[in-house]
Amino acid sequence: MEDIRYYEAYEENLQKEIIKMCTSLGMLDGQLLDSEDINHKWKEWAPEYIAEALPEVNSYPEFAIACAGYTGMAVAKWWDEDWGRHHGAAYESLHGPRGFDDMDEYIVQNILGLSLDSQEAKQLMNILLCCAQKAVTFIRHEHIEAQTVKAFHIFARTVKVMYKTGAAIQLRRLGYKLHKISLDRNS
């Protein structure tokens with residue numbers, strides 16, 4: 001039970017820091033946009049994502065973490081575009097010609113529809129890299145021994161945060177916003 005609280009606190013603190021950073025960079029408005037459909041897709045795809053990303057962590061930690069953000073962006077785009085058509089998409093549909101190794105470029109080009117040379121694509125790629133670097137720093141501050149159960153759980157929580165962040169950035173790009181509404185029943 002203590003471990004669960006630790007992981008939840010880690011995830012919550014990382015998410016707050018990433019939201020703060022993305023807000024300061026103009027990519028979010030101080031809050032996380034999401035939907036149950038989008039969050040459910042992560043639960044479905046997380047095992048496959050983690051199985052592919054985990055072996056890359058030692059050599060390419062930022063890439064292994066950032067790709068979860070691209071995955072979230074792709075799902076948010078599909079959710080907005082035609083969820084009835086896309087909700088059953090397989091995880092492999094995010095892969096480029098080189099599989100996981102060019103997932104970022106494939107999603108930007110083929111799912112988000114941006115030229116890799118465009119200013120918007122470069123901005124998105126830079127933001128996700130900054131988020132991944134912040135996440136790597138966050139992980140290092142935990143002083144966790146590599147290749148342990150604890151390291152696995154921290155990585156899993158980290159990529160979940162990145163997925164949700166990518167989805168939120170894409171939803172904001174699509175014009176979604178959170179608005180407070182009053183449920184004053186006396187009116």
- Note on the structure: Placing +1 on each Lys and Arg Cβ and -1 on each Asp and Glu Cβ in the chain, then taking the dipole about the Cα centre, the residue among 171, 30, 89 whose Cα reaches farthest towards the positive end is 30
- Note on the structure: Cα-Cα longer than 21 Å, checked against 20/43; 134/177; 20/177; 16/134, kept in input order, equals 20/43; 134/177
- Residues of type lysines that residue 41 reaches as a straight line, Cα spacing below 17 Å, ignoring anything fewer than 8 places off in the same chain: 77, 160, 164
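Quick check: net charge around residue 64, other residues with Cβ under 10 Å of its Cβ, Lys/Arg +1 and Asp/Glu -1?
Numbers: positive: none; negative: 52, 56, 62.
So the surrounding residues net to -3.
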- Message: Report, to one decimal in Å, the Kirkwood hydrodynamic radius for the chain based on all distinct Cα pairs.
- Response: 17.0
- Task: Place a +1 charge on the Cβ of each Lys and Arg in the chain and a -1 charge on the Cβ of each Asp and Glu, then give the dipole magnitude about the Cα centre in debye, rounded to the nearest 20.
- Result: 580
- Counting other Cβ atoms within 10 Å, which trypsin sites (Lys or Arg not before Pro) in the stretch 52-128 have at most 11 and lie in a DSSP loop? 98
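Return the calculated 222 nm mean residue ellipticity for the chain, to the nearest 500 deg cm²/dmol, obtained by summing -39500 (n - 2.57) across DSSP H runs with n ≥ 4 and dividing by the residue count. Provide the component values of the computation, followed by the final result.
On the way: 6 runs with 119 residues, N = 187.
The helix-only estimate for the chain comes to -22000 deg cm²/dmol at 222 nm.
Quick one: grab the alpha carbon gyration tensor of the stretch 1-72, order the square roots of its eigenvalues as a ≥ b ≥ c, and give me rounded if a/c is under 1.5, else prolate or oblate depending on whether a/b is larger than b/c. The partial results should precede the final answer.
Working: a/c = 1.35, a/b = 1.22, b/c = 1.10.
Because its axes are fairly even, with a/c under 1.5, the stretch 1-72 counts as rounded.
Does the stretch 103-187 classify as rounded, prolate or oblate by the C-alpha gyration tensor (a ≥ b ≥ c root eigenvalues; a/c under 1.5 gives rounded; else a/b over b/c gives prolate, otherwise oblate)? Walk me through the numbers on the way to the answer.
Working: a/c = 2.82, a/b = 1.22, b/c = 2.30.
Verdict is oblate for the stretch 103-187.
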- From the backbone phi of the stretch 112-128, what are the Karplus-calculated ³J(HN,Hα) couplings (6.51 cos²θ - 1.76 cosθ + 1.60, θ = phi - 60°) in whole Hz, Gly and Pro given as x? 7, x, 10, 6, 4, 8, 5, 4, 5, 5, 4, 5, 4, 5, 5, 4, 5
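Quick one: compute the contact order of the stretch 2-173, relative version, from alpha carbon pairs under 8 angstrom and 6+ residues apart, as a percent. Intermediate results must be reported in sequence, preceding the final value.
Working: 185 pairs, mean separation 68.8, N = 172.
Relative contact order of the stretch 2-173: 40 percent.
Could you rank the peptides 25-33, 10-18 by their average count of other C-beta atoms within 10 Å per residue, with the highest value first? Please report the intermediate quantities before stating the final value.
Working: 25-33: 15.7, 10-18: 17.3.
The densest-packed peptide leads the list: 10-18, 25-33.
No lab work stands behind these numbers, since they all come straight from the coordinates. Keep in mind that what you see is a predicted model, and the values were worked out from it rather than measured. Here Cβ is always computed from backbone atoms with ideal geometry, including for glycine, and neighbour counts include all displayed protein chains.
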